Amino acid sequence: MSIRTRIVRFGTRALLEQPAQRRSYDQLIAALETAGQGIMAHIAGKPDTARNRDYLQHVIGIERWGQRRLQTALGAPATTDEYDAYRPADDTLARLAQSFQTTRQESIALARQLQARGIAKNTPVRHNQFGEITVAAWLRYLAMHASFESKRIR
């Protein structure tokens, strides 16, 4: 196993898996809700620049890509695609903000569906960089990634 692989696995366990497994579905869903509200507050009133649109398109694309991956826990066929196809088209920052809000609500609805269907939080779902991570880690990843990347919007 390469050093890079070991570092990625350690980071995935420390930052995603261990904290996520200590949380219930309700807590993971609440984290998505809270993070989404924080992101919307952060981007409100920011200038409509190509740079800001690009960052928000990235956030939305990753979130949609993650949703598609999580759907495999509900029986959708597995996929190994990249996130690029999930990025929304270039648009105004205001419309992208609405798109993010809709996308986050879809993530929350998906998490609730996973919970309602009794899908175990430790069900593995493939991530391109991290390998097999659990449903709980995916939900934490979506909240963390969007929060981190949206801070670049200035």
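Each value in this text was obtained by applying a stated rule to the coordinates, not by laboratory testing. Just so you know, these numbers come straight off a predicted model, no measurement behind them. Note that we place each Cβ from the backbone using ideal geometry, even for glycine, and neighbour counts take in every protein chain shown.
Taking only segment 35-47 into account, find how many residues are part of a helix (DSSP H, G or I) and either free of Cβ contacts under 8 Å to residues at least 12 places away in the same chain or crowded, with 19+ Cβ neighbours inside 10 Å (or both).
Selection size over segment 35-47: 6.
From the list Arg126, Arg117, Arg112, Arg140, the lone residue that is crowded, with 19+ Cβ neighbours inside 10 Å and closer than 19 Å to Ala73 by Cβ is Arg140. Keeping to segment 66-112, report how many residues are of a type in the set (Gly, Ala, Ser), outside any loop (DSSP other than H, G, I, E, B) and within 20 Å of Ile153 (Cα to Cα). Number of matching residues: 3. Every test in (1) loosely packed, with under 11 Cβ neighbours inside 10 Å; (2) free of Cβ contacts under 8 Å to residues at least 40 places away in the same chain is passed by Tyr86 save one, and that test is (1).
Checked against the criterion of being within 24 Å of Thr123 (Cβ to Cβ), crowded, with 19+ Cβ neighbours inside 10 Å, more than 14 Å from the chain's Cα centre (by Cα) and among the aliphatic types (A, V, I, L, M), segment 72-82 has at least one qualifying residue.
Please go through segment 1-18 and give me each residue that is surrounded by fewer than 16 Cβ atoms within 10 Å (Cβ to Cβ), within 20 Å of Val125 (Cα to Cα) and either charged (D, E, K, R) or in contact with a helix residue (DSSP H, G or I) (Cβ under 7 Å, 6 or more places away or on another chain) (or both), ordered by number. Steps first, answer last, please.
The initial filter retains those residues of segment 1-18 that are surrounded by fewer than 16 Cβ atoms within 10 Å (Cβ to Cβ), namely 1-11, 13-15, 18.
Now narrow it down to the ones that are within 20 Å of Val125 (Cα to Cα): 5-11, 13-15, 18.
Matches in segment 1-18: Arg6, Arg9, Arg13.
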